[in-house]
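Only one structure is covered here, and it is reproduced in the block below.
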Amino acid sequence: MQIGIDKLGLFTPNTYLDLVMLANARGVDPDKFTIGIGQDQMAIAPLSQDSVTMGANAALDLLEGESRDNISLLILGTESGIDQSKAGAIYIQRLLGLSNARTFEIKEACYGATAGLMTAYDYVAAHPDQKALVIGSDIARYGLETPGEVTQGAGAVAMLVSAQPRLMVLEPETSIHSADIQDFWRPNYSKEAFARGKYSTEQYIEFFQKTWADYRAKTGRTIADFKALAFHLPYTKMGLKALRTILDEGSETQQAQLLERYAESTLYSRQIGNIYTGALYLGFLSLLEHSTNLEAGDRIGLFSYGSGAVSEFFTGILQPGFEKQLAKQKHADLLANRRQLTMVEYETQFQTELPEDGSEYEIDLTMDNAPIILKGVKDHERIYMTR
Ligand code: CAA
């Protein structure tokens, strides 16, 4: 039986910051951000968007024209959870009307959505007539005037996993490497992540090399067997650094093609920034929606990395008609219809938080046009609404 990704959905908030403006405000050469780091813009979430609403909005995008029947597993991967006990996925199941789904949240930094995808794969293998909805949704926050500031972002990707998928069949061989390291973490008392930036970059590359070498040894496949490699993208230079370490295993033509595909995979991330759990799948979606050089039967490699750390290299084969599963124009409109924030608006939005003393709060919704929004807080509960 063939199992894999049937469809992908995307959501990102409707406000963003231009990173040349950020560079100028921070007294940094803009080329450092746009070339050195490889980011042009980053999405900034208003108070009315959190991991629940963004995840639900991404899933709405995906479910347009799809039946909800047989979706009996719903997994949210996030490291921007809104509750220590109740899964954000539960709110999402109500907002989407999926009451027959086994519903829960997974956490392992940016690996969460991949953990969800692999769990969904096993679930569908056991229940081939059923489908799973896997969502990666996050707000990446490092803090104002920190080295990580330029690598923030916000958004969500949703994936429908099924038997006989119309987009990409996942192949059974995967390669995993995990180790207890302290490269990036966010203690319960902190709104912002702590990152050992250079160390995390080194570890990401080392984990990639380990899983790639292990995958090659296990399968006998080489770089020539891949039409494209998609990477977890905390910033777009990151995946490129990893890709470059294995490029010389291919011919000059293969190297040029992989670099071209890589550039296509970075186009959404350049405009949205790091979305943690969804970042690999944002790259994968960007590749599919921008490349004119991919065809059915092509093998794509995907490298997932979650700090802490767990990494997995896995692969898939594009299916006949996979283009029909994409929504390039809709996603172009989502990005084109965003509003650029001024530095003052960005810093104000960044510092505005929901009350933590139990008081009621009503969010100003006038600037947020998303279908699913957070309205406010009452009696210690977040109040979500579908428009
Ligand atoms: N023109 C062009 N390039 C320039 C430049 C200029 N004027 N000035 C500097 N650069 C280049 C540098 O040469 C460097 O390039 P290389 O990495 O290719 O050598 C690049 O710009 C970045 O410069 P620095 O290393 O000096 O940047 P920094 O110290 O400000 O930190 C960072 C960069 C480590 C990515 C930091 O933004 C950060 O800590 N980010 C958060 C952590 C992170 O994203 N880690 C990634 C791996 S962990 C992970 O994957 C999980 C996750 O999602 C977080």
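Some observations on this one:
- Tyr235 open to solvent by 10 Å² or more (accessible area, probe 1.4 Å) and either among the polar types (S, T, N, Q) or closer than 23 Å to Glu149 by Cβ (or both): yes
- Filter result for Ala224 (open to solvent by 50 Å² or more (accessible area, probe 1.4 Å), free of Cβ contacts under 8 Å to residues at least 60 places away in the same chain, among the small types (Gly, Ala, Ser) and not in a loop (DSSP other than H, G, I, E, B)): yes
- Yes/no for Gly36 being open to solvent by 40 Å² or more (accessible area, probe 1.4 Å), assigned by TED's automatic domain parsing to the domain that holds Thr348 and either out of contact with any Phe, Trp or Tyr (no Cβ under 7 Å at 6 or more places or on another chain) or under 25 Å from Arg387 (Cα atoms) (or both): no
- Inspection of the stretch 80-87 finds no residue satisfying the criterion of being among the basic types (Lys, Arg), within 16 Å of the ligand (Cβ to nearest atom) and closer than 26 Å to Glu353 by Cβ.
- Pairs meeting the criteria (first residue in the stretch 357-379 and assigned by TED's automatic domain parsing to the domain that holds Asn14 and of a type in the set (S, T, N, Q), second residue surrounded by 17 or more Cβ atoms within 10 Å (Cβ to Cβ) and not in a loop (DSSP other than H, G, I, E, B), beta carbons under 9 Å, at least 6 apart or on different chains) are Ser359/Val377.
- Residues in the stretch 130-155 that are in a loop (DSSP other than H, G, I, E, B), under 17 Å from Ala45 (Cα atoms) and more than 13 Å from the ligand (Cβ to nearest atom): Leu144 only.
- Residue match in the stretch 192-212 (condition: more than 10 Å from the ligand (Cβ to nearest atom) and either assigned to a strand (DSSP E or B) or small (Gly, Ala, Ser) (or both)): no
- Verdict on Thr277 being closer than 22 Å to His177 by Cβ, β-branched (Val, Ile, Thr) and near the ligand (Cβ under 10 Å from one of its atoms): yes
- Unmet criterion (only one of (1) farther than 23 Å from Phe314 by Cα; (2) crowded, with 22+ Cβ neighbours inside 10 Å; (3) among the small types (Gly, Ala, Ser)) for Gly143: (2)
- Asp18 falls short of the stated requirement of being touching a residue at least 12 places away in the same chain (Cβ under 8 Å) and under 19 Å from Lys131 (Cβ atoms).
- In the set Asp364, Asp368, only one residue is at negative phi, over 25 Å from the mean Cα position of the chain (by Cα) and in a loop (DSSP other than H, G, I, E, B); that residue is Asp364.
- Residue, farthest from the chain's Cα centre (by Cα), within the stretch 296-324, restricted to residues that are within 14 Å of the ligand (Cβ to nearest atom) and open to solvent by 10 Å² or more (accessible area, probe 1.4 Å): Gly308
- Leu240 surrounded by fewer than 20 Cβ atoms within 10 Å (Cβ to Cβ) and either outside any helix (DSSP H, G or I) or within 24 Å of the chain's Cα centre (by Cα) (or both): yes
The values are calculated or read from the model by the stated rules, or taken from the named source; none is laboratory data. Worth saying up front: this structure is predicted, and the values here are computed from it rather than measured. All Cβ positions, even for glycine, are placed from backbone atoms using ideal geometry, and neighbour counts span all protein chains on display. Just the protein is used for accessible areas: all its heavy atoms, side chains included, with ligands, DNA and RNA removed. Shrake-Rupley method; radii C 1.70, N 1.55, O 1.52, S 1.80 Å.
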